[in-house]
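Structure, as structure tokens:
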Amino acid sequence: MKADLTNTEIDELDELLQQATEPLQPLDVVSLDGYLCAVAVQPRIVSPADWLARALDTDGSRWPVAGCDDAWLTRVRALMQRRYEALVRGMAEEGFFDPVVSDLAQAAADAEQPEDPTLEGLPAHSRPLVYWASGFLYGAQTFEGLMEHPDDAVHLAMSRILRHLPPETDEDRALVAELDQQVPLRDETQAIQDTVEAAVSLWNLTAQDRMAVRTVQRDSAKVGRNDPCPCGSGKKFKQCHGKA
């Protein structure tokens, strides 16, 4: 089992993304983390090739780029894949993961970096999560299974994540106000915990959908008890949906 990224490797990935060959427009490492989470909880399985392409080029039409450095791409792909797998393991096995969030204290200490206007008007507990939530929304809109899901519980869980983005409509503002009453957040720690819990809820709510897709992909072949569970949890079938 491959280990999750260390803090040093997260910093390395961020630097590599900033070195992307023009005209690529990749996600930054915080938005990437939210994006990968949205990819993981999709009710339909997204192939690594598809989610990698949209992570490296948010325009979606300029990948692959001729002359892209092979060593750069190999390293970026490996780091992204490890982080994706760690997110899946965390949600499936532990019901928890540590999201990569913005270090606003460091940003404020950097005199050359003015505050992002996006943060204006956001409560303090939402500010570290705004870019993570933005990446999650990008993943949800790029691969539309979540947005089109018929289960209201799925949309409620997504709302708990997207509440950290600046509201754009009166409907958005009303929804955030309702969530603030039902699930009030006192500080950054509680906001991060609630966001993680919402993501884990999404994983669980869509697990059966992913399992059904994988079963079809296997052409209805029987799943062995020691085979990986088709739901994508990473566990053996006998330890997951095969328990029954």
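Structure notes:
A quick yes/no check of all residues on (1) open to solvent by 50 Å² or more (accessible area, probe 1.4 Å); (2) touching a Pro at 6+ places or on another chain (Cβ under 6 Å); (3) modelled with pLDDT of 95 or more; (4) within 30 Å of Thr118 (Cβ to Cβ):
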residue: Met158; (1), (2), (3), (4): no, no, yes, yes
residue: Asp172; (1), (2), (3), (4): yes, no, no, yes
residue: Gln181; (1), (2), (3), (4): yes, no, no, yes
residue: Pro184; (1), (2), (3), (4): yes, no, no, yes
residue: Glu197; (1), (2), (3), (4): yes, no, yes, yes
residue: Asp209; (1), (2), (3), (4): yes, yes, no, no
residue: Arg218; (1), (2), (3), (4): yes, no, no, no
residue: Arg225; (1), (2), (3), (4): yes, no, no, no
residue: Ala244; (1), (2), (3), (4): yes, no, no, no
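- Failed criterion for Arg82 (all others in (1) at pLDDT 95 or above; (2) assigned to a loop (DSSP other than H, G, I, E, B) hold): (2)
- Every residue from segment 25-41 that is of a type in the set (S, T, N, Q) and buried (at least 23 other Cβ atoms within 10 Å of the Cβ): Ser31
- Conditions (1) open to solvent by 50 Å² or more (accessible area, probe 1.4 Å); (2) under 23 Å from the mean Cα position of the chain (by Cα); (3) in contact (Cβ under 8 Å) with a residue 60 or more places away in the chain; number of the one not met by Ile192: (1)
- Count - residues of segment 45-74 that are in contact (Cβ under 8 Å) with a residue 60 or more places away in the chain and either surrounded by 15 or more Cβ atoms within 10 Å (Cβ to Cβ) or among the acidic types (Asp, Glu) (or both): 6
- Tally of residues being crowded, with 20+ Cβ neighbours inside 10 Å and either among the aliphatic types (A, V, I, L, M) or more than 14 Å from the chain's Cα centre (by Cα) (or both) across segment 138-148: 2
- Condition check for Gly121 on (1) under 14 Å from the mean Cα position of the chain (by Cα); (2) at positive phi: one failure, at (1).
- Qualifying positions in segment 149-178 - of a type in the set (D, E, K, R) and either under 18 Å from the mean Cα position of the chain (by Cα) or not in a loop (DSSP other than H, G, I, E, B) (or both): Asp152, Arg160, Arg163, Asp170, Glu171, Asp172, Arg173, Glu178
- Looking at Thr21, Thr8, Thr74, just one residue is part of a loop (DSSP other than H, G, I, E, B), of a type outside the set (Asp, Glu), more than 18 Å from Thr142 (Cα to Cα) and over 16 Å from the mean Cα position of the chain (by Cα), and that residue is Thr21.
- Residue tally, condition assigned to a helix (DSSP H, G or I) and hydroxyl-bearing (Ser, Thr, Tyr), over segment 47-71: 0
- Test: residue in segment 23-41 that is modelled with pLDDT under 95 and closer than 23 Å to Ala207 by Cβ: no
- Residue that is nearest to the chain's Cα centre (by Cα) [pool: residues in segment 24-44 that are part of a loop (DSSP other than H, G, I, E, B) and touching a residue at least 40 places away in the same chain (Cβ under 8 Å)]: Val41
The values are calculated or read from the model by the stated rules, or taken from the named source; none is laboratory data. Everything numeric here is computed off the predicted structure, so don't read it as measured data. Every residue, glycine as well, gets a Cβ built from its backbone with ideal geometry; the counts of neighbours run over all protein chains shown. We work out accessible area using only protein heavy atoms, side chains counted, and drop any ligands, DNA or RNA first. Shrake-Rupley method; radii C 1.70, N 1.55, O 1.52, S 1.80 Å.
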